[in-house]
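The values are calculated or read from the model by the stated rules, or taken from the named source; none is laboratory data. Predicted model only: the values in this text are computed from it and were never measured. Cβ placement follows ideal geometry from the backbone for every residue including glycine, while neighbour counts extend to all protein chains displayed.
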Amino acid sequence: MTLLLPALQSPAGPAASREAVRFGDLALTYGQLADASAALAIRIADAERVAVWATPTPETAIAVVAALRAGVAAVPLNPRTGERELAHILADSEPAAVLSGPDEELPTALGALRRVTVDARALRHGDGPGGGQEGGRQDDRGAGTASAARDTGAAPEDPEAAALIVYTSGTTGPPKGAVLPRRALAASLDALEDAWGWTGDDVLVHALPLFHVHGLILGVLGPLRRGGSVRHLGRFSPEGVARELGSGGTMLFGVPTMYHRLAQALEAPADRAGRDALAGALAGARLLVSGSAALPVHDHERIAAATGQRVVERYGMTETLMNTGVRVGGAPRPGTVGPPLAGVELRLVEEDGSVLDGEGAIGEIQVRGPNLFTGYLNRPDATAAAHTEDGWFRTGDVGTVDADGWVTIVGRKATDLIKSGGYKIGAGEIENALLAHPGVREVAVTGEEDPDLGERVVAWVVAADPESPPGAAELADHVAAQLAPHKRPRTVRYLDSLPRNDLGKILKRSLRA
């Protein structure tokens with residue numbers, strides 16, 4: 001296996017001065033990132049696992065790269081995780097230390113761990129990663145200089161060695177730690193290089209959290225594997241996107257909530273200058289990518305109309321990294337996530353386990369390939385349950401595959417496949433139809449038990465005008481006309497907002513509860 005991050009091994013000359021990462025006003029070159037990560041790798045080399053307090057900062061990038069260079073598994077921690085969940089993750093993963101920036105106030109649950117402080121700003125003054133103690137807590141800002149560390153080389157790269165342990169959202173119980181090997185990271189990032197023409201000349205812009213595979217693996221390690229650069233906005237804003245894409249950025253990664261806000265900003269009549277700047281920046285980008293949930297067709301169309309640029313989608317999850325993706329330059333097909341990526345096999349399966357074939361079939365998506373995780377940490381039972389006897393991973397997602405092999409995600413098997421009156425109905429297509437109604441700003445569709453139909457379609461609507469929402473009958477007729485009568489919502493409930501997680505995904509279980 002080739003090195004996971006070859007550009008950071010021994011950068012010299014122009015390669016060393018190339019910008020690697022930028023967070024706000026702080027940028028690190030490849031030389032600086034190589035020095036800092038190599039020095040930190042020495043300090044943690046005796047650990048099996050380390051936790052990373054994954055704030056959107058250069059310290060997180062240094063920490064994760066250092067762990068990879070040391071051959072130590074990194075456990076990214078969401079800084080917004082509650083005490084009970086954090087305690088579970090720490091007890092399950094047993095990290096030897098926590099890596100964080102110098103100004104971070106860590107929760108008491110981390111008090112028993114050795115703290116290794118990473119200070120990116122010190123690199124500006126040639127001070128190395130830091131030094132000294134911090135009040136009461138054992139604080140290793142350690143020995144060893146960056147210049148001495150850069151050429152020490154990396155640990156031998158076993159492709160099956162754990163690179164990251166990323167905890168799932170825990171919607172069906174305590175979060176499980178998905179063990180992601182180096183092989184899976186390399187396979188997914190290289191498959192995206194092939195699909196998107198990703199090169200070292202690309203400058204990626206994003207504002208995604210760094211405790212998740214989208215923001216961390218694709219958004220930070222992806223550019224670094226290619227030898228390119230990443231600019232993290234810290235906090236998402238249309239103004240930030242316009243600024244960075246308009247000043248050299250070539251790619252934008254986002255989630256549907258972000259693209260929805262961009263679409264709104266592109267139509268804002270009160271801010272013509274900002275609207276025009278954003279439209280020009282998006283139009284000039286080489287690639288706009290949305291992931292983590294389906295991007296509504298309505299937002300696809302609004303962005304394309306304002307910029308002439310099409311957003312492409314990809315489909316992945318924590319345990320599998322990337323499964324499918326729309327190739328750059330391909331014909332636009334809003335609402336689809338493209339064909340399987342290189343090396344990935346995909347099939348649809350009926351509830352009884354039989355493999356479905358033929359265009360229009362709807363079933364659970366199962367995948368296998370080099371992109372898959374090795375299992376859940378300390379959970380052989382859950383690992384076995386997540387796989388079929390012949391080695392396919394059960395994604396829990398439901399979808400369809402067209403004649404060209406392009407995949408459309410219907411939703412989660414548990415929440416988005418509605419069985420009503422003998423029909424299998426995907427929540428996603430109803431949501432797209434309702435979002436095309438001018439009176440609907442946001443919507444989620446779920447199923448509820450019905451004594452006659454088995455399940456009835458329920459629409460949870462955030463109205464464009466809360467003072468004058470569209471009526472339930474009007475929305476039902478709209479869906480029936482757009483799709484089919486049996487897909488119309490039988491119940492409409494109005495909300496001020498929809499519950500979402502940190503990545504903007506709608507929490508449908510919260511609605512149903």
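Quick notes on this structure:
- So V312, is it within 12 Å of the chain's Cα centre (by Cα) and either within 27 Å of V367 (Cα to Cα) or part of a helix (DSSP H, G or I) (or both): no
- Conditions (1) under 17 Å from A294 (Cα atoms); (2) assigned to a loop (DSSP other than H, G, I, E, B): number failed by E351: (1)
- Close Cβ contacts (under 8 Å, 6 or more residues apart or on different chains) running from residues in the stretch 463-482 that are at positive phi to residues that are at pLDDT 95 or above and among the polar types (S, T, N, Q) are absent.
- Residue in the stretch 234-250 that is under 23 Å from E59 (Cα atoms) and among the aliphatic types (A, V, I, L, M) present: yes
- Just one of (1) in contact with a strand residue (DSSP E or B) (Cβ under 8 Å, 6 or more places away or on another chain); (2) touching a residue at least 60 places away in the same chain (Cβ under 8 Å); (3) in a loop (DSSP other than H, G, I, E, B) fails for P174. It is (1).
- In the set A154, A162, only one residue is of a type outside the set (D, E), modelled with pLDDT under 95 and over 18 Å from the mean Cα position of the chain (by Cα); that residue is A154.
- From T324, T307, residue being under 20 Å from G222 (Cα atoms), modelled with pLDDT of 95 or more and crowded, with 17+ Cβ neighbours inside 10 Å: T324
- The condition of being at pLDDT below 90, crowded, with 19+ Cβ neighbours inside 10 Å and more than 27 Å from G325 (Cα to Cα) holds for only one of G411, G447, G421, G454, that being G447.
- Restricting the search to strands (runs of 3 or more DSSP E) fully inside the stretch 380-425 and requiring at least 3 residues that are on the phi > 0 side of the Ramachandran plot and out of contact with any Pro (no Cβ under 8 Å at 6 or more places or on another chain) gives an empty result.
- Selected residue [over 29 Å from R235 (Cα atoms) and not assigned by TED's automatic domain parsing to the domain that holds Q264] from P485, P466, P499: P485
- Screening the candidates A305, A331, A382 for the property of being aliphatic (A, V, I, L, M) and in contact (Cβ under 8 Å) with a residue 60 or more places away in the chain yields one hit, A382.
- Screening the stretch 178-263 for strands (runs of 3 or more DSSP E) wholly inside it with 3 or more residues that are touching a residue at least 60 places away in the same chain (Cβ under 8 Å) returns the ranges 229-232.
- Total residues in the stretch 467-507, condition assigned to a strand (DSSP E or B) and at pLDDT 90 or above: 4
- Complete set of residues in the stretch 457-474 that are surrounded by 13 or more Cβ atoms within 10 Å (Cβ to Cβ) and either within 13 Å of T415 (Cα to Cα) or under 32 Å from the mean Cα position of the chain (by Cα) (or both): V457, V458, A459, W460, V461, V462, A463, A464
- Among (1) at pLDDT below 95; (2) assigned to a strand (DSSP E or B) - the single one R84 does not satisfy: (2)
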